[in-house]
Amino acid sequence: MALKADALLLLCGVTVGLPAVAAAADGERYDPYAKMATGAHHYDMREVLQSRGKFVAEPVEQPDLSLLDSLPLSARASQPQAPGQLPEGWVQIGEVVQRREIAEGRKQIDPKPLPAWEDIEGNQYPRKGTVFLNFNGGMLKAGDDNSAENKSTLARHNHPYPVFNGSEATALTLIQAVQQDLETLGVRVLYLNRPSKTVPYTMAMVGGSWSDTNISDPAGGVAPGTDCEDRDQRNVVYAFDSSSATISQEIAHAWGLDHTLGSDRIMSYQAGNNKHFGDNCQALCEEQCQGPGTIGCRLIHEIYCGVDSEQQNDLAELNKIFGTPEPDTEPPTVNILPDGDVIELEVGASIEIKADIHDNYGGVGWRIKVSRDGQVALDEVDYEKVGAWYFTKLEAGTYEVVLEAEDHAEHVVQDKLTILVGTPSPPTSSGGDSEGDSEGDSTTAGVDSDDTGGSASDGSTSEVGPGADDKGGCECRSTDQGAGSALGLPFLGLWLAHRARRRRRA
């Protein structure tokens, strides 16, 4: 049923804030990775429509391991770089990179995130996980870790990270070993296909040199420390030597494990064969490895091994995060609020869209796509997990909003909402989407806001918001690569149905 704007809930008092460190009423809690955003994402639709692709995600560049045998060594060797400089607030201690306040012993990561953070969909434990092993390098950008966007705390900004300096056969041997290291966990290891941007994952850059990052001293590998229990979920790590144990160790550092002693342990510096994650409380390597007071997730380790034990149980912590490798056969459920298939609004109106998403495991991610008259204007992943979008200054046209969620079993589920603004003409194109392309198409990203013949009204807006009913229906599909789908909604049919409903109401 088409819903008139004046029949919807009026929204007011919407606030927007940046992700903040979790804090509790009973005192300060230090938990820099358990971020919680406030308010909705705000979009001025006039700006979006005129941006010509600014709000459309870049496509995912897929790897090609065959290049490892075809590229000459001269085309993939690391170029010598001057020592780098870590971002403000980070320090390197030996082969460990940490937040300064941890390394100096001034703070410790809170062992328990706030319940409000754990209540955010996707943050729950256990969760399924994904590791992407990147042997093809790529252009990295400096900034807070976001594997999907090639952003890394440890990256040299706009530095082309080199291709792995080894053969495809060597890469496959390393991949198999990492898979074996993680085989008891609910984690998949990808290398032939890079995940879509929607689903959170850890990316390991395999190859290159320490001087291809911003650290200042040599290391066999490096990862941003102190992300206890993998609360961030989108870290980027580096393994410079051709050792599967180094790759697995840096991945586990990003998930909150610290160094231990033991030549048979992945988390140990000591040389040895057949290394593995320990299933007992093993002595931490602090003073011997990096200096006193530098265990980043000490209070989490104590949950499993006892207060002041100075020990770590690798598998107990990893099992808490990822559980066991049983198949995930249940797709997420997705509903757009406000409820209803079609909504009618006046030109210049505003509307808030909210996401109602649930999954049987943590780790789910979601994105929103907005098209006007068949042209994609906005396609972005909700990296902050806000789950709300506030659109203002809507121009005349037929808008389709697609909310899409994806889990680590490559279940991709959508719900759709059509918004009729003004008295739109039936669209002449179904857009530039094609099945399986969730990352956007730059050829359809731009929309000229002057081509609709519509303009803002007298300045008044009608702010509308979500209803509370469950639609009870959504679209679900599985893909080979976890990529998103086409919008797939026949705009012309919807418009004709809408006109028929209007005639029946008359």
Whole number in Å², please: accessible area per residue of segment 179-228, 1.4 Å probe, ligands, DNA and RNA not counted.
-> 24 Å²
Solvent-accessible heavy-atom area per residue, rounded to whole Å², over segment 99-168 at 1.4 Å = 39 Å²
Any chance you could run the full-extension gain for Gln176 through Ser243? It's 0.36 nm times the residue separation minus the Cα-Cα distance, nm to one decimal.
-> 22.9 nm
Using a 1.4 Å probe over the heavy atoms of the protein chains, calculate the carbon and sulfur portion of the accessible area of segment 53-149 as a whole percent.
-> 51 percent
GluC sites (Glu not before Pro), restricted to segment 283-314: which are DSSP loop and have at most 12 other Cβ atoms within 10 Å?
-> Glu287
Across Lys197/Lys275; Lys141/Lys416; Lys141/Lys197; Lys197/Lys354; Lys35/Lys275; Lys141/Lys354, pairs whose alpha-carbon gap is larger than 25 Å = Lys197/Lys275; Lys141/Lys416; Lys35/Lys275; Lys141/Lys354
Distance between segment 31-52 and segment 58-119 - C-alpha centres, whole angstrom | 25 Å
Taking 0.36 nm per residue of separation and subtracting the Cα-Cα distance, what length does fully extending Gln62 through Asp44 add?
-> 3.2 nm
Determine, from the Cβ-Cβ distance of Arg100 and Glu346 and an R0 of 60 Å, the FRET efficiency 1/(1 + (r/R0)^6), rounded to the nearest 0.05.
-> 0.70
Could you compute the FRET efficiency for Asn193 and Ser309, with r as their C-beta to C-beta distance and R0 at 56 Å, rounded to 0.05?
-> 0.85
Work through the residues other than Tyr161 whose Cβ is under 13 Å from its Cβ and net out their charges, Lys, Arg +1 and Asp, Glu -1.
-> +2
Where does the charge balance sit around Ile251 when Lys and Arg score +1, Asp and Glu -1, over other residues with C-beta under 11 Å from its C-beta?
-> -3
Give the value in nm², to one decimal: projected area of the alpha carbon convex hull of segment 209-310, averaged over all directions.
-> 6.7 nm²
First measure r as the distance between the Cβ atoms of Asn274 and Glu326, then evaluate 1/(1 + (r/R0)^6) with R0 = 22 Å and state the FRET efficiency to the nearest 0.05.
-> 0.30
How much of the accessible area of segment 263-347, in percent, comes from carbon and sulfur atoms when a 1.4 Å probe is used?
-> 47 percent
Whole-Hz Karplus couplings 3J(HN,Hα) for segment 94-104, θ = phi - 60° and coefficients 6.51, -1.76, 1.60, Gly and Pro as x, run x, 9, 10, 10, 9, 5, 4, 5, 6, 4, 8
Tell me, how many Å apart are the Cα centres for segment 352-373 and for segment 214-240?
-> 29 Å
Given labels modelled 7 Å from the Cα in the Cβ direction, how far is it in nm from Met139 to Asp217?
-> 3.4 nm
For Gln81 and Asn360, calculate 0.36 nm times their separation in residues minus their Cα-Cα distance, and state this gained length in nm to one decimal.
-> 95.8 nm
Under a point spin-label approximation (7 Å from Cα along Cα-to-Cβ), what is the Glu384-Asp119 distance to one decimal in nm?
-> 1.9 nm
State, to one decimal in nm, how far the label point of Glu88 lies from the label point of Asp264, with both points 7 Å from Cα in the Cβ direction.
-> 4.8 nm
Expressed as a rounded percentage, what relative contact order does segment 215-370 have, with Cα pairs under 8 Å and six or more residues apart?
-> 16 percent
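The values are calculated or read from the model by the stated rules, or taken from the named source; none is laboratory data. A quick note: this is a predicted structure, and the numbers were derived from the prediction, not measured. Cβ atoms come from the backbone with ideal geometry, glycine included; neighbour counts cover every protein chain shown. Heads up: the accessible areas ignore ligands, DNA and RNA and are worked out on the full protein's heavy atoms, side chains in. Shrake-Rupley method; radii C 1.70, N 1.55, O 1.52, S 1.80 Å.
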